[in-house]
Amino acid sequence: MNTPTLSITHAPQALSRWRAPRLSLRFWPVFLRNLLVWRKLAIPSLLGNIAEPLMWLVAFGYGMGALVGQITVDGQPVPYILFLASGSICMSAMNAASFEALYSAFSRMHVQKTWDGIMNAPVGLDDIVLAEMLWAAFKALFTVTAILGVMLVLDISHSPKLLVAWPILLGVGITFSSMALVFNALAKGYDFFTYYFTLFLTPTMFLSGVFFPLAQLPPLAQWLAAWLPLSHAVALVRPLFMDQWPSDGLYHGAVLVAYAVVSFWLALGLTRKRFGQ
Amino acid sequence: MPHIEPSPTPLFQAQHLTKRYGDTDVVQDLSFEIAPGECLGVIGPNGAGKTTTIRMCLGLTVPDGGSITALGLRMPLDALAIKAQLGVVTQLDTLDPDFNCAENLLVYGRYFGLKEAEIKKRIPALLEFASLTSKAKAKPGELSGGMKRRLSLARALVNDPKLLLLDEPTTGLDPQARHLMWERLQLLLQQGKSILLTTHFMDEAERLCSRLLVLDHGKKIAEGTPRDLIAQYLEPDVVEVYGVGALALAESPLRAHASRVEVSGETVFFYTRDSGALMQALHAYPQLRTLHRPANLEDLFLKLTGRQIREDA
């Protein structure tokens, strides 16, 4: 370690772990691989993905909604079920993306060694991580689309601006899948993800204005909430459910993008480290 | 492109490779070449640096020093372009458990940018080559160890590679499966493919490899054709003697008939150039069991790397 060796002269240039992502269309066959596996299990997985959010919606929306009645958002009265639906759909995007980018990606990366197999073909690690990130975001979009369909059927919202909410929810999926991949890169086993869910995602769920307005929280919790990406997702999506344009939309969007970019870069660096690259 | 005469440059060339993990030199100043159509075997005990070498050849591990060129391209700079022309079988199968055999080939072919129609045309021949035609719809979980390895080999051939890197392709297989694998690899060599093979099995190395590289502690300790290496390092004959009183022979006048005597456990090994005289002398000990055989690669391997079990083995 201490003496320079004779081979230094023709040593390959050491690449920084934090070099810019090297992304290409080679990610597509990897994405397609995940899609093919999922297609075999799509229907049961769809039921699993939307059953839980719908239970929240029905139990809380109609149960609590009857007690709460209306909630005031930006000085405007809103039925509780609409308030909850617009928040919980963001939560569903978060959960679906996180679950896929943690448990499922870890299975492919560590347990099945699928990534190792792919890297023996002309596909780089950066493209594999990109494919996993987009795949988890796609799963979030898929879940969200199914839930939106049910919400339309239940006539919870029929705002035409839901069409704008849809790509935003894909963005929410991208943000949370990028964040989850950071922890995927660090994980030694599945147990590790329990911490992420209980110590991060669960508090996030309660502190991001999904179930009740943030204004009701003590100042410290409000300050904390302002840092959570899910708050910003809710701030973007809820007005669209109410057929309004979000105020400070660019700001909220920029926060989500910042979380996504920083997390993806971090995830990539840590994954490169994990694979000794 | 203008027509270019086949150049004498090797298909694959590694020069002065060095890799260090912490304070351990895993690979030290390792150089080797693979000529077109050649099968180069890399043998060495566990922890000798074989897998690290393969990983460096694939650009998955960046060497601390040295260079690798393959097919006129440089590693790791052109890693993807090189890998597009390589076939790889790793020690542990990385088959997709969710796909059947045919789907495994299809999905893997896509990673090479091959069109679906093109891959589908190749699949029947690949399955046939792997003797898996009847298992096209079976998932890896339903396959035997030998079938899985052959599917891995078929998968490595999906891009019709020029060079195959095989890391212990027959470890853990039963003799039938191993022989079938050997037949297939010989077939590939006949077709003009080049192979880099790591193995623990000396009979495998002897059967398949035109040239061998012996690694120990990350260093190349010998290189040559199997026959040349045996002739260079060993006496032509080995007589193994075991049974009650065998160990005493190691220090007896019989020693004079051998150039080298080794004791391992309850067995005495005589390495000799004059086996006739030694066998004659051994007639005086009818209670002992003897095995007279030509020296082989296993003897060479044990001579070069020692008989002791490695701590990390």
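The values are calculated or read from the model by the stated rules, or taken from the named source; none is laboratory data. Because the structure is predicted, anything quoted here is derived from the model rather than measured. All Cβ positions, even for glycine, are placed from backbone atoms using ideal geometry, and neighbour counts span all protein chains on display.
Details
- Here B:Tyr111 fulfils each of the conditions (1) within 14 Å of chain A (Cβ to nearest Cβ); (2) touching a strand residue (DSSP E or B) at 6+ places or on another chain (Cβ under 6 Å) apart from (2).
- Yes/no for B:Gly87 being small (Gly, Ala, Ser), in a strand (DSSP E or B) and more than 9 Å from every other protein chain (Cβ to nearest Cβ): no
- Of the candidates A:Leu54, A:Leu41, the single residue that is more than 15 Å from A:Phe212 (Cβ to Cβ) and touching a helix residue (DSSP H, G or I) at 6+ places or on another chain (Cβ under 9 Å) is A:Leu54.
- Considering residues of the stretch A:6-32 that are at pLDDT below 90 and buried (at least 16 other Cβ atoms within 10 Å of the Cβ) only, the residue nearest to the other protein chains (Cβ to nearest Cβ): A:Ser7
- Residue among B:Leu304, B:Leu278 that alone is farther than 18 Å from B:Val214 by Cβ and in contact (Cβ under 8 Å) with a residue 24 or more places away in the chain: B:Leu278
- When A:Ala121, A:Ala137, A:Ala131, A:Ala165 are checked against the criterion of being of a type outside the set (Val, Ile, Thr), within 16 Å of the chain's Cα centre (by Cα) and within 14 Å of another protein chain (Cβ to nearest Cβ), a single residue qualifies: A:Ala131.
- The stretch B:201-230 residues that are outside the structural domain of B:Thr170 (by TED's automatic domain parsing) and surrounded by 19 or more Cβ atoms within 10 Å (Cβ to Cβ), paired with ones that are among the hydroxyl-bearing types (Ser, Thr, Tyr) and in a strand (DSSP E or B) (beta carbon under 9 Å, 6 or more apart): none
- The condition of being at pLDDT 90 or above and touching a helix residue (DSSP H, G or I) at 6+ places or on another chain (Cβ under 9 Å) does not hold for B:Thr225.
- Cβ-Cβ under 8 Å pairs, at least 6 apart or on other chains, the stretch A:33-44 side under 22 Å from A:Val123 (Cβ atoms), far side acidic (Asp, Glu): A:Arg33/B:Asp96; A:Asn34/A:Glu132; A:Leu36/B:Glu103; A:Val37/B:Asp96; A:Val37/B:Asp98
- Positions within the stretch A:150-171 being over 28 Å from A:Leu181 (Cβ atoms) and in a helix (DSSP H, G or I), in sequence order: A:Val150, A:Met151, A:Leu152, A:Val153, A:Leu162, A:Leu163
- The numbered conditions (1) within 7 Å of another protein chain (Cβ to nearest Cβ); (2) touching a Ser or Thr at 6+ places or on another chain (Cβ under 6 Å); (3) β-branched (Val, Ile, Thr) are all true for B:Thr94 except (2).
- Of the set (1) more than 14 Å from chain B (Cβ to nearest Cβ); (2) of a type outside the set (A, V, I, L, M, F, W, C); (3) over 19 Å from the mean Cα position of the chain (by Cα); (4) in a helix (DSSP H, G or I), all apply to A:Thr175 but (3).
- If only residues of the stretch A:141-180 that are small (Gly, Ala, Ser) and at pLDDT below 95 are counted, the one that is surrounded by the most Cβ atoms within 10 Å (Cβ to Cβ) is A:Ser157.
- Given (1) out of contact with any helix residue (DSSP H, G or I) (no Cβ under 7 Å at 6 or more places or on another chain); (2) away from chain B (no Cβ under 14 Å); (3) in a helix (DSSP H, G or I), index of the condition A:Gln244 fails: (3)
- Members of the stretch A:254-276 that are touching a Ser or Thr at 6+ places or on another chain (Cβ under 8 Å) and farther than 18 Å from A:Ala136 by Cβ: A:Gly276
- Every condition in (1) aliphatic (A, V, I, L, M); (2) within 21 Å of A:Asn120 (Cβ to Cβ); (3) modelled with pLDDT of 90 or more holds for B:Val62 except the one numbered (3).
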